[in-house]
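Student: Supplied in structure tokens, the structure appears directly below.
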Amino acid sequence: MSSPVRASAAATTTAAAAPAVAAPAAPGPTPAELLDFVRRAAADAELISSLPLDPEGRTWTRLDGPAGSEAWLIGWPPGTGTGWHDHGGSHGAFATAAGTLKEDSLAARLPTEGWKTLELSEGVDRERQLTAGEGRAFGRHHVHEVRNESGAEHAVSVHAYYPPLPLMRRYSRTGPVLRLEQVERPEEWQ
């Protein structure tokens, strides 16, 4: 069986500046426990209605996640999305509270370090629609993009990560080519 990705040999040293992510010292909530949390939070009408929605850009509020996890309530105006990204080695879950979100993800375990460009094999793309009340959990190596494709309706979702996000890697994608573009630190989004 062939590998689902092929790293660009010329770029092996380019991405090496991103630090390795250490495993958490103590066990925290599992992806299933985070999924339970985000589903319960997404069903909390009072919490969901407390988020101010902006017609121009995404809005977010930090929440208290279970057992030291990081959690966010996020509002998505029509046509907004995240772009391709990972969660810096954290596992997590998210659930849609209002509207519909589309998630495109890769069914391949990507190396986290030492590459700038990967060529993805056929068959690694996954797509799902998550309507209000639906959620999903994911592991430490998850790469995806999430967006609200509605032309008129806001979406709202709840997200949780453990350990709290040490960084996020942002990618661009052209056909089968995934390119590391940026590494963001928590101080850039909090």
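Student: Output the residues belonging to the stretch 40-49 that are among the small types (Gly, Ala, Ser) and in contact (Cβ under 8 Å) with a residue 12 or more places away in the chain.
Tutor: Correct list: 41, 42, 43.
Student: Sort out for me the strands (runs of 3 or more DSSP E) sitting completely within the stretch 121-190 that have 1 or more residues that are of a type in the set (D, E, K, R) and open to solvent by less than 60 Å² (accessible area, probe 1.4 Å).
Tutor: Numbers: elements: 125-131, 135-138, 144-147, 155-162, 168-174, 177-184.
Filter on the stretch 121-190 gives 135-138, 144-147, 168-174, 177-184.
Student: Could I ask something else about it? Kindly list, by first and then second residue, each pair from a residue in the stretch 125-144 that is closer than 15 Å to residue 102 by Cβ to a residue that is outside any strand (DSSP E or B) and not basic (Lys, Arg), limited to pairs with Cβ atoms under 6 Å and residues at least 6 apart or on different chains.
Tutor: 126/107; 135/35; 135/38
Student: Hey, could you check the stretch 72-98 for residues that are small (Gly, Ala, Ser) and open to solvent by 10 Å² or more (accessible area, probe 1.4 Å) and say which is nearest to residue 182 (Cα to Cα)?
Tutor: Going through the stretch 72-98, the residues small (Gly, Ala, Ser) turn out to be 75, 79, 81, 83, 88-90, 92-93, 95, 97-98.
Filter once more, so that each one left must be open to solvent by 10 Å² or more (accessible area, probe 1.4 Å): 79, 81, 83, 89, 97-98.
Numbers: 79: 22, 81: 17, 83: 12, 89: 15, 97: 29, 98: 30 Å.
That would be 83.
Student: Taking the residues in the stretch 48-68 that are part of a strand (DSSP E or B) and polar (S, T, N, Q) as candidates, determine which candidate is least open to solvent (accessible area, probe 1.4 Å).
Tutor: Filtering the stretch 48-68 for residues part of a strand (DSSP E or B) gives 59-64.
In the following step, the residues that additionally are polar (S, T, N, Q) were identified as 59, 61.
Details: 59: 26, 61: 57 Å².
Within the stretch 48-68, the match that is least open to solvent (accessible area, probe 1.4 Å) is 59.
Student: Still on this structure, I have one more. May I ask you to verify whether residue 109 is in contact (Cβ under 8 Å) with a residue 24 or more places away in the chain and either of a type outside the set (Asp, Glu) or closer than 30 Å to residue 54 by Cα (or both)?
Tutor: Numbers: in contact (Cβ under 8 Å) with a residue 24 or more places away in the chain: yes; either of a type outside the set (Asp, Glu) or closer than 30 Å to residue 54 by Cα (or both): yes.
Yes: the conditions hold for residue 109.
Student: If you don't mind, another one. If you scan the stretch 70-99, which residues turn out to be part of a strand (DSSP E or B), more than 19 Å from residue 47 (Cβ to Cβ) and touching an Asp or Glu at 6+ places or on another chain (Cβ under 9 Å)?
Tutor: Initially, the stretch 70-99 is screened for residues part of a strand (DSSP E or B), giving 70-76, 81, 84-85, 91-98.
Within this subset, residues satisfying the condition of being more than 19 Å from residue 47 (Cβ to Cβ) are 81, 84-85, 91.
Result: 81, 84, 85.
Student: Among 165, 130, 120, which is the only one that is more than 20 Å from residue 80 (Cβ to Cβ) and not charged (D, E, K, R)? Before you say what the answer is, go through the steps one by one.
Tutor: Values: 165 fails: more than 20 Å from residue 80 (Cβ to Cβ); 130 fails: more than 20 Å from residue 80 (Cβ to Cβ).
Going through 165, 130, 120 in turn, just one is more than 20 Å from residue 80 (Cβ to Cβ) and not charged (D, E, K, R): 120.
Student: Another question about this same structure. Of 116, 102, which residue is on the phi < 0 side of the Ramachandran plot, over 14 Å from the mean Cα position of the chain (by Cα) and not hydrophobic (A, V, I, L, M, F, W, C)?
Tutor: Working: 102 fails: over 14 Å from the mean Cα position of the chain (by Cα).
That would be 116, the only listed residue that is on the phi < 0 side of the Ramachandran plot, over 14 Å from the mean Cα position of the chain (by Cα) and not hydrophobic (A, V, I, L, M, F, W, C).
Student: Could you check, for the stretch 110-117, whether at least one of its residues is open to solvent by less than 60 Å² (accessible area, probe 1.4 Å), at pLDDT 95 or above and of a type outside the set (Val, Ile, Thr)?
Tutor: no
Conditions (1) open to solvent by 30 Å² or more (accessible area, probe 1.4 Å); (2) modelled with pLDDT under 95; (3) of a type outside the set (Val, Ile, Thr), marked per residue:
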residue	(1), (2), (3)
46	yes, no, yes
70	no, no, yes
100	yes, no, no
119	yes, yes, yes
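The values are calculated or read from the model by the stated rules, or taken from the named source; none is laboratory data. Everything numeric in this text was worked out from a predicted model, so none of it was measured. Because the Cβ atoms are built from the backbone with ideal geometry, glycine has one as well, and the counts that use them run over all protein chains shown. Each accessible area value is taken on the protein alone, full model and side chains, heavy atoms only, with ligands, DNA and RNA left out. Shrake-Rupley method; radii C 1.70, N 1.55, O 1.52, S 1.80 Å.
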